[in-house]
1. Would you confirm, using the coordinates I've provided, whether LEU141 is buried (at least 21 other Cβ atoms within 10 Å of the Cβ), under 30 Å from VAL200 (Cβ atoms) and touching a Gly at 6+ places or on another chain (Cβ under 8 Å)?
2. For region 11-45: of the residues being among the hydroxyl-bearing types (Ser, Thr, Tyr), under 22 Å from ALA289 (Cβ atoms) and surrounded by 15 or more Cβ atoms within 10 Å (Cβ to Cβ), which is farthest from the ligand (Cβ to nearest atom)?
3. Under 6 Å by Cβ, and 6 or more places apart or on different chains, what pairs join a residue from region 153-169 that is part of a helix (DSSP H, G or I) with one that is open to solvent by 10 Å² or more (accessible area, probe 1.4 Å) and more than 14 Å from the ligand (Cβ to nearest atom)?
4. Report every pair of residues separated by at least 6 positions or lying on different chains whose Cβ atoms are under 8 Å apart, first residue within region 103-123 and over 15 Å from THR150 (Cβ atoms) and within 14 Å of the ligand (Cβ to nearest atom), second assigned to a helix (DSSP H, G or I) and open to solvent by 20 Å² or more (accessible area, probe 1.4 Å).
5. Quick check: is even one residue across region 279-292 aliphatic (A, V, I, L, M), closer than 30 Å to THR150 by Cβ, modelled with pLDDT of 95 or more and over 18 Å from the mean Cα position of the chain (by Cα)?
6. Could you list, in sequence order, all residues of region 23-64 that are small (Gly, Ala, Ser) and either closer than 20 Å to GLY107 by Cβ or modelled with pLDDT of 95 or more (or both)?
7. Quick test for you: out of ASN269, ASN242, ASN201, pick the one residue that is polar (S, T, N, Q) and more than 16 Å from the ligand (Cβ to nearest atom).
8. Name the residues in region 15-33 that are farther than 15 Å from GLY258 by Cα and in contact with a strand residue (DSSP E or B) (Cβ under 7 Å, 6 or more places away or on another chain), would you?
Amino acid sequence: MLIDRYGREIRSLRASITKRCNLDCIYCHNDGQPLEGKEELSVEAMTKICRVFNRLGVKKMKISGGEPLIREDCVEMISSLIGFDEISMTTNGVFLAEKAQDLKEAGLDRINISIDTLKRDRYSKITRSSPNILSKVKEGLKEAVEADLTPVKINMVLLEINRDEIGDFVNYIRKNALQDKVVLQLIELIDLNGSFPNKVNTNEIEGFLMENAKLIGIRRTQNRRRYLYRGVEIETVKPVDNTAFCAACSRLRLTADGFLKPCLMRNDNLVKIKDGASEEEIERCIKEAVKRREPYYKGR
Ligand code: SAM
């Protein structure tokens with residue numbers, strides 16, 4: 001088992017498999033990856049790295065990006081991963097409808113779909129893409145549920161432009177009878193460059209939920225709260241200035257070009273896994289990255 005200097009167990013790997021994306025969201029942190037470095041780990045390299053993580057007791061894996069479904073070999077990559085208790089993915093959902101069934105058959109357990117708004121004009125503004133894409137994403141959500149990639153989590157980053165839509169999402173889930181299959185995940189914006197002066201105050205939303213919903217649990221992962229509101233499960237993710245979030249962080253990240261990344265918020269402590277590294281070398285790199293892990297918000 002991997003445990004860092006702060007007593008935090010590493011239970012999950014979050015692997016970006018590409019930095020490329022077909023959308024250009026106004027707030028995107030690109031999973032914290034440096035944008036230079038264009039090469040992408042091959043299926044074989046990824047399989048080998050994952051085998052070592054698995055041997056070291058990491059049994060959960062999330063595939064991210066960039067947009068993971070851009071990679072032609074994404075399904076092949078998932079089928080090559082063995083030994084995990086849960087493999088999940090986060091996607092913008094644009095290419096999901098045609099791939100959901102194959103992903104399930106390849107071994108994907110569940111999926112997160114980023115949908116910040118249900119309105120075409122807002123979708124276009126947020127993603128800096130065509131408003132017509134939103135219907136493909138909704139179709140992707142439907143197919144993901146059909147393929148049993150559940151619970152499907154809708155990732156909604158809270159912004160000034162969509163803060164009035166939480167009720168609309170709840171209605172959408174109810175109207176499509178998805179309450180048992182879909183969770184609405186409200187994510188606090190990480191404003192890396194100070195570009196969002198009117199950042200949504202998530203305490204207000206949390207306060208509303210505390211008053212109007214039933215708190216049904218606090219997850220071991222990053223101390224996230226789970227509520228039941230009008231029959232719909234809502235989870236809140238509050239990464240900013242949150243020592244409890246860091247205290248319960250159990251993740252190590254891997255960038256698309258083969259760097260281990262101890263913290264979403266930093267790029268000054270990465271550990272490169274050399275091309276063609278042996279399993280012993282990979283293990284040494286993982287242990288070095290674990291050694292470099294420290295809570296971003298510590299001592300506050
Ligand atoms: N393209 C995929 C997607 O859309 O899910 C995977 C990559 S995306 C970087 C992963 C998740 O990070 C998405 O749910 C996205 O909304 C979230 N995200 C990106 N930038 C963020 C930010 N600045 N603050 C909070 N969440 C962010």
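The values are calculated or read from the model by the stated rules, or taken from the named source; none is laboratory data. Everything numeric in this text was worked out from a predicted model, so none of it was measured. Here the Cβ positions follow ideal geometry from the backbone for every residue, glycine too, while neighbour counts run over all protein chains shown. Accessible surface areas use protein heavy atoms only, side chains included; no ligands, DNA or RNA. Shrake-Rupley method; radii C 1.70, N 1.55, O 1.52, S 1.80 Å.
1. Working: buried (at least 21 other Cβ atoms within 10 Å of the Cβ): yes; under 30 Å from VAL200 (Cβ atoms): yes; touching a Gly at 6+ places or on another chain (Cβ under 8 Å): yes.
Spelling it out, LEU141 is indeed buried (at least 21 other Cβ atoms within 10 Å of the Cβ), under 30 Å from VAL200 (Cβ atoms) and touching a Gly at 6+ places or on another chain (Cβ under 8 Å).
2. Ranking the candidates gives SER12 first.
3. ASP168/LEU118
4. These pairs meet every condition: ILE115/LYS138; ASP116/ARG122; TYR123/ILE133.
5. For region 279-292, residues aliphatic (A, V, I, L, M), closer than 30 Å to THR150 by Cβ, modelled with pLDDT of 95 or more and over 18 Å from the mean Cα position of the chain (by Cα): absent.
6. If the condition is that a residue be small (Gly, Ala, Ser) and either closer than 20 Å to GLY107 by Cβ or modelled with pLDDT of 95 or more (or both), then SER42, ALA45, GLY57, SER64 are the ones that fit.
7. ASN269
8. If the condition is that a residue be farther than 15 Å from GLY258 by Cα and in contact with a strand residue (DSSP E or B) (Cβ under 7 Å, 6 or more places away or on another chain), then TYR27 is the only one that fits.
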